[in-house]
1. Any residue in segment 39-53 that is under 20 Å from residue 148 (Cβ atoms), in contact with a helix residue (DSSP H, G or I) (Cβ under 8 Å, 6 or more places away or on another chain) and charged (D, E, K, R)?
2. With the checklist (1) closer than 17 Å to residue 113 by Cα; (2) assigned to a helix (DSSP H, G or I) in hand, flag the one item residue 174 doesn't pass.
3. Is it true that some residue in segment 215-222 is out of contact with any Gly (no Cβ under 7 Å at 6 or more places or on another chain), acidic (Asp, Glu) and at pLDDT 95 or above?
4. Could you tell me whether residue 266 is closer than 25 Å to residue 75 by Cα, surrounded by fewer than 17 Cβ atoms within 10 Å (Cβ to Cβ), acidic (Asp, Glu) and more than 20 Å from the chain's Cα centre (by Cα)?
5. For residue 265, work out the one condition from (1) assigned to a helix (DSSP H, G or I); (2) more than 16 Å from residue 223 (Cβ to Cβ) it doesn't fulfil.
6. Which one of the conditions (1) more than 30 Å from residue 200 (Cβ to Cβ); (2) more than 17 Å from the chain's Cα centre (by Cα) does residue 135 fail to meet, given that it meets all the rest?
7. So which of 232, 270, 224 is under 26 Å from residue 28 (Cα atoms) and touching a helix residue (DSSP H, G or I) at 6+ places or on another chain (Cβ under 6 Å)?
8. Confirm whether residue 147 is assigned to a helix (DSSP H, G or I), surrounded by fewer than 18 Cβ atoms within 10 Å (Cβ to Cβ), within 13 Å of the chain's Cα centre (by Cα) and without any contact (Cβ under 8 Å) to a residue 40 or more places away in the chain.
Amino acid sequence: MKQEDFLTWLRAARPQTLAAAIVPVMTGAALAVHAQTYRWDTTMVALFCAFAIQVGTNFANDYFDFVKGADTPDRIGFERAVAGGLIPPKTMLKATVIAMSLAFFAGLYLVWIGGWVILVIGILSLLFGVLYTGGPFPLGYNGLGDLFVFIFFGIIAVMGTYYINALEWSITSFFASIPVGALCVNILVVNNLRDVEQDRVSGKRTLGVLIGEQALKWEYLIMLVLSFSVPLWLFYSNSFDIWILLPFAATPFAWWLTRKVWNHTDKRSLNPVLERTAQFMLLFGILFAAGMIL
């Protein structure tokens with residue numbers, strides 16, 4: 001593969017969003033370390049599956065947004081490979097199938113360890129990863145993208161990772177999943193805020209189109225507040241000691257991001273804000289995981 005082709009596929013995988021794959025697994029695994037139930041084998045396989053599903057979902061979005069006409073010449077977001085003529089549609093569709101298939105077959109090891117419930121979680125994750133922009137009722141086109149992201153990249157990913165380590169469910173893993181899901185949602189919020197005008201024209205009914213830009217700004221702030229509230233609750237409920245408050249070291253970063261989201265004057269300026277939001281999620285996740293382990 002030529003270097004140019006490799007870079008094209010790398011950009012199509014959208015590495016700036018891959019924090020959404022890393023942080024849920026890292027959080028569930030850290031909680032397993034805290035509970036002394038950590039397994040390196042299932043965690044590594046879960047991480048691989050999360051990466052494959054995230055990349056497969058990104059490939060599917062690239063393909064279906066092109067097919068549905070959502071990626072127009074007026075697009076101000078990151079360049080799309082299919083719409084930009086860099087990768088043929090059929091090739092992108094094949095890449096989607098390959099990525100999702102890798103996740104499925106690797107996930108069979110987790111099914112062997114965790115049983116049928118992991119099989120159900122895996123199939124649903126693969127299915128909704130495609131249905132986010134594909135199918136007759138794409139979630140991302142009908143205002144359900146935020147809910148999908150919160151549930152699958154937050155609650156299910158974190159609780160599922162903990163389960164395949166401990167082989168039991170935990171209410172603490174549910175609470176730990178809330179900031180992960182909320183910060184994943186914020187990546188989508190910035191994306192929708194940036195693209196609201198193009199989405200309205202193309203008929204893509206994201207929350208930005210349905211409820212307006214001001215509501216998205218409030219959603220971004222609420223998700224941040226929700227994220228920081230969980231470490232506080234875990235500390236004051238005596239579940240963890242003072243180390244669980246480590247994520248508060250990232251408060252200045254959160255404040256800076258909030259100001260950028262609320263006070264932007266040029267939609268193109270939201271491209272780096274989207275990247276920084278993903279970076280903030282990774283930083284928060286590292287501090288949160290460290291707090292649970294320490």
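1. Taking segment 39-53 as the starting set, the residues that turn out to be under 20 Å from residue 148 (Cβ atoms) are 46, 49-53.
Checking which are in contact with a helix residue (DSSP H, G or I) (Cβ under 8 Å, 6 or more places away or on another chain) leaves us with 46, 49-53.
Among the residues that remain, those that are also charged (D, E, K, R) are: none.
No, that holds for no residue.
2. Failed condition: (1).
3. Step one: list which residues in segment 215-222 are out of contact with any Gly (no Cβ under 7 Å at 6 or more places or on another chain), which gives 215, 217-222.
Those left that are additionally acidic (Asp, Glu): 219.
Those still in the list that are at pLDDT 95 or above too: 219.
Scanning segment 215-222 turns up at least one residue that is out of contact with any Gly (no Cβ under 7 Å at 6 or more places or on another chain), acidic (Asp, Glu) and at pLDDT 95 or above.
4. For residue 266, the condition - closer than 25 Å to residue 75 by Cα, surrounded by fewer than 17 Cβ atoms within 10 Å (Cβ to Cβ), acidic (Asp, Glu) and more than 20 Å from the chain's Cα centre (by Cα) - is met.
5. (1)
6. With respect to (1) more than 30 Å from residue 200 (Cβ to Cβ); (2) more than 17 Å from the chain's Cα centre (by Cα), residue 135 is out only on (1).
7. On the way: 232 fails: touching a helix residue (DSSP H, G or I) at 6+ places or on another chain (Cβ under 6 Å); 270 fails: under 26 Å from residue 28 (Cα atoms).
224 is the lone residue from the list that is under 26 Å from residue 28 (Cα atoms) and touching a helix residue (DSSP H, G or I) at 6+ places or on another chain (Cβ under 6 Å).
8. On the way: assigned to a helix (DSSP H, G or I): yes; surrounded by fewer than 18 Cβ atoms within 10 Å (Cβ to Cβ): yes; within 13 Å of the chain's Cα centre (by Cα): yes; without any contact (Cβ under 8 Å) to a residue 40 or more places away in the chain: yes.
Taking the combined requirement at face value, the residue satisfies it.
The values are calculated or read from the model by the stated rules, or taken from the named source; none is laboratory data. Predicted model only: the values in this text are computed from it and were never measured. So basically every Cβ, Gly included, is an ideal-geometry build from the backbone, and we count neighbours across all protein chains shown.
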